[in-house]
Each structure stands twice: as C-alpha cells, then as structure tokens.
Amino acid sequence: MRGVSDKNILDEFCIKFCNIAEKHCKYIIVLGFVAISSGRTRATEDIDMIIEKLPLEKLKALHSDLLKNGFACMQSDSADEVFSYLADKISVRYTIRDQPLPEMEVKFAKGALDDYQIKTRVKIPSTGLDIWFGSINMNIAFKEEALKSEKDLKDAEHLRIVYAEIVDEHEISEIKKMIRKLRL
C-alpha cells in the first residue's frame, strides 16, 4: 500500500518515537493513526500510544532516552512527575523539543482490555511502517463500540474496507462484549 518514499512528518515522528520506546517496553499505536497510516485521509496532530505498565526505574530510562533524542514531555522534564501522571491514569504528551506538533500521547495500559491489545499487537506491512499497532479488529471494535464519533465510525469503516480479508466479525463482536464489560 505505502512505500518508504511515501513517509510524511507524522510517520517519521512516529517511527523515531517507537524505535526508542521499543528498547524499553512493549507498546502499541492505536486509534486514528492506524486508519491514517492505512490510507485514510484525515487530519490529526497526535498519535495515541499505550505502553505496558512500567516500574519507575524503567520509565525513567525510557523518559531519559526520549529526552536525549530530542523529545520533550509537555507535562514535565521530571521522570518522577511523568510516572506520577501515568500511574494516575493520566496520559502525557511528547513532542520534538521546541516544536508544538506533532504529539505522541502516551498512557499506561489501564487494565485487561489494554493488556489484551498489547498481547495481540501486530505489525501491518501495508502501512510501510515498522511499528507495533493494536490489531485491526480491536481498533474497529473500539471505534464502533466505545468512541462512536462520526470521525471514529468513518475510521472503522475505512479499516473494514482496506483490511476486508482479515476483518473477523466474531472477534470484533467478542471485543465489543469485553469493552462493554470492562469500560462502559
């Protein structure tokens, strides 16, 4: 679908951030950027990332590595404060230092649903990006069952068309049940 020469600023930002995250934890990219990287044309200024829950020392190493590589956390330079936000289930946002956009919104996995997403993470070769995504079925289910905005429903529709050969309605239905049980 996309090739190396098709990468844009958002792709490059995501790749750089994910390459650093990969050294420290399991992560997934979810929501809008999954649809965008799969060919949907729509604007976004942030990318959503869920990382496995890390102990403070591992989070400090990740945060330090990000800072050393030109990223800045909008909430704090202090890894202790960043950890406090994440532990309190509040996301933090990273940008390239001195550039307000794009942003990587990072949050710890919040429970069984996020743990399942990380466990079932996939690489999607057709995106041209060597990064970990939440599964297509998970993204469709979450957008249709939990988010339900017009933009999210159009994202889900796009993913259903582009990945028709791997869309599994039974799995989507089971994930939706899980979402209702665990989140709503």
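The values are calculated or read from the model by the stated rules, or taken from the named source; none is laboratory data. On a predicted model such as this, the values are computed, not experimentally measured, just so you know. Virtual Cβ from ideal backbone geometry, glycine too; neighbours counted across all protein chains shown.
Structure data summary
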{"read-out": "Criterion: surrounded by fewer than 15 Cβ atoms within 10 Å (Cβ to Cβ), among the hydrophobic types (A, V, I, L, M, F, W, C) and without any contact (Cβ under 8 Å) to a residue 60 or more places away in the chain - qualifying residue of A43, A72", "value": "A43"}
{"read-out": "Hits in the range 82-113 - residues which are modelled with pLDDT of 95 or more and acidic (D, E)", "value": "D88, E103, E105"}
{"read-out": "Some residue of the range 16-31 being in contact with a helix residue (DSSP H, G or I) (Cβ under 6 Å, 6 or more places away or on another chain), under 25 Å from G111 (Cβ atoms) and assigned to a loop (DSSP other than H, G, I, E, B)", "value": "yes"}
{"read-out": "Pick from the range 86-113, criterion among the basic types (K, R) and either farther than 20 Å from N139 by Cα or within 13 Å of the chain's Cα centre (by Cα) (or both), ranking: surrounded by the most Cβ atoms within 10 Å (Cβ to Cβ)", "value": "K107"}
{"read-out": "Single match in H158, H170 (criterion: part of a helix (DSSP H, G or I), farther than 22 Å from A109 by Cβ and touching a helix residue (DSSP H, G or I) at 6+ places or on another chain (Cβ under 8 Å))", "value": "H158"}
{"read-out": "Residue selected from the range 46-68 under the condition surrounded by fewer than 22 Cβ atoms within 10 Å (Cβ to Cβ) and in contact with an Asp or Glu (Cβ under 6 Å, 6 or more places away or on another chain), by the criterion farthest from R97 (Cα to Cα)", "value": "D48"}
{"read-out": "Failed condition for F33, given (1) in contact (Cβ under 8 Å) with a residue 40 or more places away in the chain; (2) within 30 Å of I161 (Cα to Cα); (3) of a type in the set (A, V, I, L, M, F, W, C)", "value": "(1)"}
{"read-out": "Scan of the range 119-137 for residues that are crowded, with 20+ Cβ neighbours inside 10 Å, in contact with a Lys or Arg (Cβ under 9 Å, 6 or more places away or on another chain) and either small (G, A, S) or in a helix (DSSP H, G or I) (or both), ordered by number", "value": "T127, G134, S135, I136"}
{"read-out": "Single residue of D168, D80 found to be more than 18 Å from the chain's Cα centre (by Cα), free of Cβ contacts under 8 Å to residues at least 40 places away in the same chain and within 22 Å of C25 (Cβ to Cβ)", "value": "D80"}
{"read-out": "Residue match in the range 35-46 (condition: basic (K, R) and part of a helix (DSSP H, G or I))", "value": "no"}
